[in-house]
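Notes follow the structure.
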Amino acid sequence: MNWSKSAYIRQQTQLNEKHIDAVVKLSEEGATVAFIARYRKDNTGNMEETSIMDVIKFSDEYDELVKRKEFVLESITSQGKLTPELEKKIQDCWDKTQLEDLYLPYKQRKKTRADLARERGLEPLAKLILGQRESRIEQLADRYINQDVKDAEAAIDGASDIVAQWISDDAETRSMLRERFEQYAVLTTKVAKGKDKDGEKYRDYFNYTERTANMPSHRIMAVMRAVDEGILKMSIEPDEDRTLEALDRKWIKRDSASKPFMLDIVKDAYKRLLQPSMENETVQVLFEKAELEAIKVFADNLQQLLLSSPLGSKRILAIDPGIRTGCKTVCLNENGNLLYHTVLFFNSGAEKMQSEQKIKELILKYKSEAIAIGNGTAGRETADIVRKSCSVPVFLVNEDGASVYSVSEVARREFPEHDVTVRGAVSIGRRLMDPLAELVKIDAKSIGVGQYQHDVNQTLLKKTLQATVEVCVNRVGVNLNTAGVELLSHVSGLGPALATNIVAYRDKNGEFKSRDELKKVPRLGDKAFEQSAGFLRVPNSHNVLDRSAVHPEQYRNVKKMVESAGLTLDQLIGNKSAIEKLNNMQALKEEIGVYTFNDILTELEKPGLDPRDMLSEDTFDDHIRTMADLKPGMKVKGIVTNLTNFGAFIDIGIKENGLLHISEMSDKFIKSPTEVLKLQQKLELKVKEIDFERKRISLTLKV
């Protein structure tokens, strides 16, 4: 079957071909995922970002497969070995692995034992053995003795090598074995000699066996890492006897005259050629599966973190706690600009009293509306002291990656005259105001919400996390007059160069007065404007639509709606009853599309609504300070700080995070923690077990 691109993608995704064609066309025309998802819903049937990404990925995969098929056909043709039957098999093949199986016998490779046997003239004897009609193999083998083949036994051995290679290269055989490995293979691990102590953390796998089909990704990654570190030895294969029986049934005829030879050849083909090849392939498939899952976990966690609740444009006093070197303290205005910085000490005595008084003075002087405190070492203790010193809300802020930001080029550019301690405190304060705007400045891999992120393909990880950041930025929208280069760089259709030009234009000409003014930015052409404008907000624009997610291409249609309502635009905005009546504009709805029409109504009712939840103050149990304060059965409050395939790590207000295993999340079976939890979610849990020696706390949500 010669599939079209849309048919191939539909086979992979089960999506509608019409919508697939629309996505492919839009993407080829330069539209971004964010733009397609938000402003071309009627073309794509309201396809989500992840599905759009899948369509684009499989579109590229289709193109690569077509090119590979062309290369394979040309290669086999140049060898004079392309038959009509083989050509049809290749043309009908739409699986990369199966295509490589078909190409394997014709592929250039290192000289094998079978190749040497062919050079010695033993292929005719191999055909006789494989034909299985001739019982006098030993006698016939005498005919093939020559200067390179010393006797009949050597002739039979060489011919057997050729047959074994034919068996190994057979596409149907490899497909059958691949299926057996996929369904029945068992992974077995043993600790390497002398590695017991070095590999203590892998003790659970020192003598371990599991069907690979049942292995979750986190166990696969753990085993692979231990093998790479030389701690474990690993093997993977299905039951050997049953596998050989299946191969015998395929290759040995019922009335075979050369069955004794064929039994040995099939076993040799499996043990020497097929089993190692299939084991390597299975390891690769398992790792890629686990790798994709690990990257997905990281991306899902990152998305939740980036979309964490913002406090908004408030004046913030931020503290980066420190015991020995003091607490780095900064005051920020509502735009996140640094107004003041100092170091406070809350340890004891006079310094503590002075610092408490200083906090009160700073709050009054700089009109601070909230306090952000890093949740690292001494964070909880500092928060307790500060809460007693003032009446403004106090928030513990996740500080993962703040130190990375403080030494980055971005931080040096923003605060060239300040050291890393000041920059880190500023980052903590800005994270409270707007986590998304601040976290985009940090390499996503430095934010501790991943699982085995250092073991996976770094290029694929970076690409996936980059796509995740872009989805989040465009879903929330960006203030054109306050956003920095880093945030603007992730806006649909822009990138670092145009983002830099926008900031330079703003610095020279002052704040943007409208979206249309974007067209004056150097090198920002019509396509970039189309892709980016809807995601950029101009809060001070005279046109209220510039403050919303309504795309400029729809302004004329909004004008029709306003005229139909008999109101001014300002009168229509937020007027729920008047907006509901616009649903009667059936002709316009059909003209612009139902999804687009409904999105416009939503924006007219609540223009520029931030999709993120409101932020509330964190509170932990006052009587829990260390692990020693915990007891099995005790109820505790916690916040989800990281999600993995096997469970969630929970901040319960002490140095050590607790582990909520997936089996302790619900009385019902769940496949993933994300079915019941999300990052930053607040929970009430119960302590299940405490391991003081290994500093492990097991938690449960079960009553």
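Laboratory data are not the source of any read-out in this text; all were calculated from the coordinates shown. Bear in mind the structure is a predicted one, so any value in this text is a computation, not a measurement. A quick note on method: Cβ atoms are made from the backbone with ideal geometry, for glycine too, and the neighbour counts reach across all protein chains shown.
Among Val426, Val456, the order by Cβ neighbours within 10 angstrom, fewest to most, reads Val456, Val426. Would you give the gap between the C-alpha center of segment 471-485 and the C-alpha center of segment 604-676, rounded to a whole Å? The two parts, judged by their Cα centres, are 28 Å apart.
Karplus-derived 3J(HN,Hα) values for segment 306-311, using 6.51 cos²θ - 1.76 cosθ + 1.60 with θ = phi - 60°, are 5, 9, 4, 4, x, 7 Hz; glycine and proline are entered as x.
Among 525-533, 675-683, the peptide with the highest mean count of other Cβ atoms within 10 Å heads the list, and the full ranking is 525-533, 675-683. Here the 3J(HN,Hα) profile of segment 171-178, calculated from phi with Karplus coefficients 6.51, -1.76 and 1.60 at θ = phi - 60°, is 5, 5, 5, 5, 5, 4, 5, 4 Hz, Gly and Pro shown as x. Cross-link partners for Lys637 among the aspartates and glutamates, with Cα-Cα distance under 18 Å and sequence neighbours closer than 8 places in the same chain left out: Glu381, Asp384, Glu617, Asp618, Asp621, Asp622, Asp629, Asp651, Glu656, Glu664, Glu684, Glu689.
The Cα center of segment 60-137 and the Cα center of segment 556-582 differ in position by 69 Å. Taking every DSSP helix (H) stretch of at least 4 residues in the chain, weighting each as -39,500 (n - 2.57) and dividing the sum by the residue count yields a mean residue ellipticity at 222 nm of -14500 deg cm²/dmol.
Other residues lying with their Cβ under 15 Å from the Cβ of Tyr405 contribute a combined charge of -2, Lys and Arg counting +1, Asp and Glu -1. Each Cα pair under 8 Å and six or more residues apart adds its separation to the average, and for segment 316-433 the resulting relative contact order is 30 percent. Protection proxy ranking, highest mean first, for peptides 601-609, 164-172, 470-478: 470-478, 164-172, 601-609, where packing is the per-residue count of other beta-carbon atoms within 10 Å, averaged. Basic side chains Lys and Arg get +1 at the Cβ, acidic Asp and Glu get -1 at the Cβ, and with that the dipole of the chain about its Cα centre reaches some 1140 debye. Ordering Ser541, Gln531, Ile600 by Cα displacement along the dipole of the chain toward the positive end leaves Ser541 in first place; charges were set at the Cβ atoms of Lys, Arg (+1) and Asp, Glu (-1). In a simple Cβ point-charge model (Lys, Arg +1; Asp, Glu -1; nothing else charged), segment 583-703 has a dipole of about 680 debye relative to its Cα centre.
A dipole drawn for segment 316-433 from +1 and -1 charges on Cβ atoms has a positive end, and of Val426, Ala350, Ala370 the residue lying farthest that way is Ala350.
Here the Karplus curve 6.51 cos²θ - 1.76 cosθ + 1.60, taken at θ = phi - 60°, turns the phi angles of segment 392-399 into couplings of 7, x, 10, 10, 7, 10, 4, 9 Hz, with x standing for Gly and Pro.
Dipole of the chain computed with +1 at Lys/Arg Cβ and -1 at Asp/Glu Cβ about the Cα centre; of Val410, Ile624, Val24, farthest Cα towards the positive end is Ile624. Annotation: amide H-H contacts under 5 Å for Val186 (H modelled 1.01 Å from N, sequence separation of 5 or more, or interchain): Thr212, Glu237. Tell me the net charge near Gly158. Cut-off is 12 Å between Cβ atoms, Gly158 excluded, with +1 for each Lys or Arg and -1 for each Asp or Glu. For residues surrounding Gly158, the net value is -4. Placing +1 on the Cβ of every Lys and Arg and -1 on the Cβ of every Asp and Glu, with no other charges, gives segment 501-620 a dipole of roughly 480 debye about its Cα centre. Here Kirkwood radius over Cα pairs in Å was computed from the coordinates, and among (1) 27.1; (2) 28.4; (3) 30.6 the match is (3).
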